[in-house]
Amino acid sequence: MGILGCGNVGSELVKLLTRDAELIFSQTGERFVITAVAVKSLDRQRPSWVETSFLSADADAVVSSPDVDVVVELMGGISPARELIEKALVNGKSVVTANKALLAVAGAELAQLARSVGRDIFFEAAVAGGIPLIRSLRVSLAGERVRRVAGIVNGTTNFILSAMSESGLSYEQALALATEAGYAEADPSADVEGDDARAKAAILATVAFGRLVRFEDVYREGITRITPSDIDFAKRHGYAIKLLALCEVSDAPDFGSDRIAVRVHPALVPADHPLALVRDSFNAVFVTGEAVGELMFYGRGAGGLPTASAVLGDVIDAAHNLRYGVTERQLDREVAAIVPMNELSSRFYIAVDVIDQPGVLAAVAKVFGENLVSIRSMEQIGMDNEARLVFITHTAPESSVKMTLDGIRELASVRRVAGFIRVFDPS
Ligand SMILES: NC(=O)c1ccc[n+]([C@@H]2O[C@H](COP(=O)([O-])OP(=O)(O)OC[C@H]3O[C@@H](n4cnc5c(N)ncnc54)[C@H](OP(=O)(O)O)[C@@H]3O)[C@@H](O)[C@H]2O)c1
């Protein structure tokens, strides 16, 4: 096999393949020989178990080598990862990748290429790191009518939200802590703005529902606007705030036939729901199927070793398929029809800062009423010369709530809409 990349994940994969070679053979009957590991810089210091003799700066040669049957892409990014994977497939190699960013934009084309050349492309580690989620959806639940996949698929943001909730930190302080602990990258935007979770949601929805959900089809909001005040309110009212990836199909009339709702946004999760209890950088995903009911997958969503564990499982499957001349089921997927956000309904948390004077609450409440958004609860928090009105609505269409917010912003007595978070409905 040839490996592209020897960073966090690649070096741990090399460790597992060398250290556990006998165990892997006894459990699977497969022996793996690493013929080359491509890296960017040959001068970089590598862990002691990485033999320098198989390091190469020529990734092109790795995907063309006749000694390589399986190519493992662990370099990340779109280019040249995409071209190298394409070349590997055309050259008759099966491919394993953990590259969610690439799969979210080119997964369908790569799967089609793999099918046309009679080879596999596996990507278990691209979503939720070490958690065996993709294979469960693809194989174990292949005949299941999956209705919903909902969960925490980004460890960095879960670490930040956990630190804000448990230590009372601001978003900026919690981000600094995540960076210090190695959970956030120097440029954390893909995590905190929700794009990493968005790529994973696109992959999950595609695998779970059998139709192609593209990255750009996934609505996303990140966590950068979550404040300690939002977290405090949520805690006092029995919720935790989590960044959720939500993928659903429904027969409900408001979904239309066969449409998929898929989005990433912060949500108030009832404190007694298992997702609310997922702390630190862990991931957890709930899968709801018609026959199987609810399943929960929980574990390390990132980290070199857990991710390498998932990659290793794929490598073994790829080798097994090559040995027996078979490939995984790969369907030609139609592009999914997506439910626009405006057509979805949920409950909402809305915080509004107003001038503290008589009649303001009535004026704000009137705007809710005019847009047929019913208020479930309201709390008033006093501030200097201002008051914060915090509402939880009953279930209402997103479009009506957006109109309500527009109307509220126009009131002279309103300073700002200070918070707007959807409430997760576990049922
Ligand atoms: N880290 C995780 O926890 C995690 C979890 C799930 C999925 N993933 C995915 O796994 C993949 C790898 O992540 P990682 O954290 O291991 O990344 P990383 O530590 O940055 O390692 C990337 C490796 O690729 C090599 N590389 C980069 N560009 C190259 C090029 N043009 N030619 C040859 N080699 C090149 C680098 O070489 P040098 O060492 O010489 O710089 C490095 O060894 C990514 O797609 C990531 O999204 C990672």
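The values are calculated or read from the model by the stated rules, or taken from the named source; none is laboratory data. Computed from a prediction, not measured in an experiment: that's the story for all the values here. Neighbour counts are summed over all protein chains in view; Cβ atoms, including those assigned to glycine, are modelled from backbone coordinates with ideal geometry.
Scanning segment 318-343 for residues that are within 26 Å of Leu411 (Cα to Cα) and either more than 28 Å from the chain's Cα centre (by Cα) or among the aliphatic types (A, V, I, L, M) (or both) returns a single hit, Met341. Among the residues of segment 255-306, those that are on the phi > 0 side of the Ramachandran plot and over 17 Å from the mean Cα position of the chain (by Cα) comprise Gly256, Asp258, Gly293.
This table checks each residue for (1) touching a Lys or Arg at 6+ places or on another chain (Cβ under 9 Å); (2) more than 19 Å from Lys200 (Cα to Cα); (3) surrounded by fewer than 21 Cβ atoms within 10 Å (Cβ to Cβ).
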site: His273; (1), (2), (3): no, yes, yes
site: Gly289; (1), (2), (3): yes, yes, yes
site: Asp314; (1), (2), (3): yes, no, no
site: Tyr324; (1), (2), (3): no, yes, yes
site: Arg329; (1), (2), (3): yes, yes, yes
site: Ala351; (1), (2), (3): yes, yes, yes
site: Val354; (1), (2), (3): yes, yes, no
site: Phe368; (1), (2), (3): no, yes, no
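This table checks each residue for (1) modelled with pLDDT under 95; (2) over 21 Å from Val269 (Cα atoms); (3) part of a strand (DSSP E or B).
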position	(1), (2), (3)
Asp332	yes, yes, no
Val354	no, yes, yes
Val367	no, yes, no
Arg376	no, no, yes
Val390	no, no, yes
Arg416	no, yes, yes
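Among the residues of segment 17-33, the one identified as surrounded by 14 or more Cβ atoms within 10 Å (Cβ to Cβ), closer than 18 Å to Cys6 by Cα and either aliphatic (A, V, I, L, M) or touching an Asp or Glu at 6+ places or on another chain (Cβ under 9 Å) (or both) is Leu17. Here segment 9-58 is the region considered, the condition is being assigned to a helix (DSSP H, G or I) and farther than 21 Å from Gly304 by Cα, and the residue that is farthest from the ligand (Cβ to nearest atom) is Ser26. Of all residues in segment 69-82, none satisfies being among the small types (Gly, Ala, Ser) and more than 9 Å from the ligand (Cβ to nearest atom). Which residues, taken from segment 340-352, are outside any loop (DSSP other than H, G, I, E, B) and either outside the structural domain of Arg415 (by TED's automatic domain parsing) or in contact with a helix residue (DSSP H, G or I) (Cβ under 9 Å, 6 or more places away or on another chain) (or both)? Met341, Asn342, Glu343, Ser345, Ser346, Phe348, Tyr349, Ile350, Ala351, Val352, listed by residue number. Contact annotation: residue pairs with Cβ atoms under 9 Å, 6 or more positions apart or on different chains, pairing a residue in segment 65-88 that is in contact (Cβ under 8 Å) with a residue 60 or more places away in the chain and assigned by TED's automatic domain parsing to the domain that holds Ser116 with a partner that is within 12 Å of the ligand (Cβ to nearest atom) and basic (Lys, Arg), are Met75/Lys40.
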